[in-house]
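Everything below concerns the one structure shown next.
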Amino acid sequence: MKSECRVSDFFSGPGETPRTVIELEDIWASLAGHTVLEGITFSVEEGVFLGVIGPNGAGKTTLIRVILGLVKPDRGKVLVMGMSPRELHHELHHIGYMPQTVLFDPSFPVSVSDVVMMGRACCIGPLRFASRSDRRAVAESIRAVGLSGLEKRPIGELSGGQQKRAFLARAICLETRILLLDEPTAGLDIESQERFMGLLTRLKEEMGLSVLFVSHDVNVLARFADEILCINRTMHMHGSPQEVLGSERLKEAYRCEFDFLVGEGSGMAGEDA
Amino acid sequence: MLLSYGFGQRALVGGLIIATTCSFISFFVIVRRMAFVGMGISHAAFGGVAIGIVAGVNPVLTAGGFCVLVAGGIGWLSRKGRLHEDTVIGILFAASMAMGVVLVRMANAYNLDLMSYLFGSILALNWTDVIILAVLSALVISFLILFFKELLFFVFDEETATASGVPVRLVYYGLLISMAITIVVSIKLVGIILVSALLVIPGAIGIQLSGNYRGVLVVSLSSGLIGVAAGLFISSWVDVASGATIVLVMFFMFLLALALSPKRGYMQRWRRRSGQASAN
């Protein structure tokens, strides 16, 4: 397949220098006439887990939407896998996306495997039906997130944590190279959060994924992210968890004191390393 | 008997074609909560029929064009104009009805022909009508089958569907236009006033009796076909209006589905209680 070759060629081989998979340069974006992102510049290397933090209303979700091409920036350049959002439209099956909330009716008549199969829609293409390989990919993704045995269960009957894992399975059942996750652990209890993050870290390693994880929970990202980007409309910091969480500029971004988080965050990051 | 006459055979064939289309689209109407969209488009058809009557053109053609325009208008105004779908429907539906009333009054056309559009006239179908019904229904059903996975993704989670490259605009407008076409072909069966029932009741019965979309579609289709066939036979037997009879039959089928619904558990509770009573 032409598109597959193009993306396969883009990624580095063994021993080669990792490529830049996401590149944003001086991005300005607005929603309903209000500027929500001002001059955001950063890049994500292949295989990196980038945590994006910032207070509510900082523009984190808009940032993901800009990367996906759902929000057109007023100014600046976006390149994903070396492609502009227009070119990327034909390569979206390499990007797994999990929105902040999926507002669905709990009685919606679909099972877990039906929901995961939705993720294959762009791989299958219009006017075509799911093949045996699509069904196999769905079964593998469900197994990878630990939901085997629940394939036929209606999605509305799953717990919050299980639903999040089902949506993660939907995001990885494509030919996924990049995962964009918007507050995926919001609303989960600590045990479910831990399980989700452990699962995500394992999948990242096994599948060689690049992950952009948006959260306002600094503690979670301090432990799992390779790099942290802190934004609050403008860009405040981009660096390792130790650098960002130990910095005075974090307080500036959140406009509040962070003694607890800075102490714990930097310590934990150091221990994990 | 109904089937001994040519008009009865045509009514049954036409009715079953309409039932198939309505029952299929009814699934999406229910899961995306578009019942009011159906009401809006069907009542707007009155404006289209009035244009046809006043202009001396076949009212089905003008109603068809008008319904597609209204359906597109609902989609465009709610998306681009950032208005809620129900607000747009409330406005367009009332304006179209009002236009219809004014046009009909000006042309002094309150007659039997107009009443047949309001309440249906399935027994007046000729074979050409049946062929037109079949072609339009085939178009709608083909769209629903070919874009089924995209439609399902869109109605479940529009945000992720858009991010995954699903052509949501095509799918959304396609669904609205399919509803408009389905409504126009169904006007002959039950009329403008009752047509929305055909778009809502089969899917509602399906949702009561099944927890998966495959089962919902099978139940929806079966109940639509049974409801239309039974309604036509009963109406010819007791000599009452066929459209209203079909809707009433479907309504009773819905009540039965409510009682039997495993989700509600009325039957299980009743069985348990009667078991306890007999044990005592």
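The values are calculated or read from the model by the stated rules, or taken from the named source; none is laboratory data. Fair warning: this is a prediction, and the values are worked out from it, not measured in the lab. In this analysis, Cβ positions are derived from the backbone assuming ideal geometry, glycine residues included, and neighbour counts consider all displayed protein chains. Heads up: the accessible areas ignore ligands, DNA and RNA and are worked out on the full protein's heavy atoms, side chains in. Shrake-Rupley method; radii C 1.70, N 1.55, O 1.52, S 1.80 Å.
Some notes on this structure:
- Looking across B:Gly211, B:Gly224, one residue alone is open to solvent by 30 Å² or more (accessible area, probe 1.4 Å) and either among the hydroxyl-bearing types (Ser, Thr, Tyr) or in contact with a Pro (Cβ under 7 Å, 6 or more places away or on another chain) (or both). It is B:Gly211.
- Looking only at residues in the range B:1-30 that are aliphatic (A, V, I, L, M) and within 14 Å of the chain's Cα centre (by Cα), the one that is nearest to the other protein chains (Cβ to nearest Cβ) is B:Ile30.
- Residues satisfying the stated conditions in the range B:95-114, i.e. within 19 Å of the chain's Cα centre (by Cα) and open to solvent by 30 Å² or more (accessible area, probe 1.4 Å): B:Met97
- Residue count, the range A:79-100 (criterion: more than 17 Å from the chain's Cα centre (by Cα) and open to solvent by less than 10 Å² (accessible area, probe 1.4 Å)): 1
- Considering A:Gly47, A:Gly13, A:Gly76, the condition of being at positive phi, open to solvent by 10 Å² or more (accessible area, probe 1.4 Å) and either without any contact (Cβ under 8 Å) to a residue 60 or more places away in the chain or among the aliphatic types (A, V, I, L, M) (or both) is satisfied by A:Gly76 alone.
- Residue count for the range A:120-138, restricted to those that are more than 19 Å from A:Arg177 (Cα to Cα) and not polar (S, T, N, Q): 7
- Entirely in the range B:108-197, the helices (runs of 4 or more DSSP H) that have 2 or more residues that are within 14 Å of another protein chain (Cβ to nearest Cβ): B:127-146, B:148-156, B:158-163, B:168-190
- Any pair with Cβ under 7 angstrom, 6 or more apart, that starts in the range B:63-90 at a residue that is under 14 Å from B:Val37 (Cα atoms) and of a type in the set (Ser, Thr, Tyr) and ends at one that is open to solvent by less than 20 Å² (accessible area, probe 1.4 Å) and assigned to a helix (DSSP H, G or I): B:Ser78/B:Val88
- Test: A:Arg136 is over 19 Å from the mean Cα position of the chain (by Cα) and open to solvent by 10 Å² or more (accessible area, probe 1.4 Å): yes
- Among the residues of the range A:101-132, those identified as in a loop (DSSP other than H, G, I, E, B), open to solvent by 40 Å² or more (accessible area, probe 1.4 Å) and more than 16 Å from B:Ile145 (Cβ to Cβ) are A:Thr101, A:Leu103, A:Asp105, A:Pro106, A:Ser107, A:Ser131.
- Selection of the range A:101-119 for residues being more than 8 Å from every other protein chain (Cβ to nearest Cβ) and touching a Lys or Arg at 6+ places or on another chain (Cβ under 9 Å) yields A:Val112, A:Ser113, A:Val116.
- Residue count for the range B:114-165 satisfying the condition of being among the β-branched types (Val, Ile, Thr), under 18 Å from A:Pro126 (Cα atoms) and without any contact (Cβ under 8 Å) to a residue 40 or more places away in the chain: 3.
- Qualifying residue in the range A:202-213 (condition: within 14 Å of another protein chain (Cβ to nearest Cβ) and either more than 14 Å from the chain's Cα centre (by Cα) or assigned to a strand (DSSP E or B) (or both)): yes
- Qualifying residue in the range B:73-92 (condition: closer than 15 Å to B:Ile192 by Cα, crowded, with 19+ Cβ neighbours inside 10 Å and out of contact with any Cys (no Cβ under 7 Å at 6 or more places or on another chain)): no
- Within the range A:67-83, if we keep just the residues that are part of a loop (DSSP other than H, G, I, E, B) and within 13 Å of chain B (Cβ to nearest Cβ), the residue that is nearest to A:Ser43 (Cα to Cα) turns out to be A:Gly69.
- Any hit, the range A:152-163, residues being at the interface with chain B (Cβ under 9 Å from one of its Cβ atoms), more than 20 Å from the chain's Cα centre (by Cα), outside any loop (DSSP other than H, G, I, E, B) and buried (at least 19 other Cβ atoms within 10 Å of the Cβ): yes
- Selection from the range B:172-191 of residues that are β-branched (Val, Ile, Thr) and crowded, with 24+ Cβ neighbours inside 10 Å: B:Thr182, B:Ile183, B:Val184, B:Val185, B:Ile187, B:Val190
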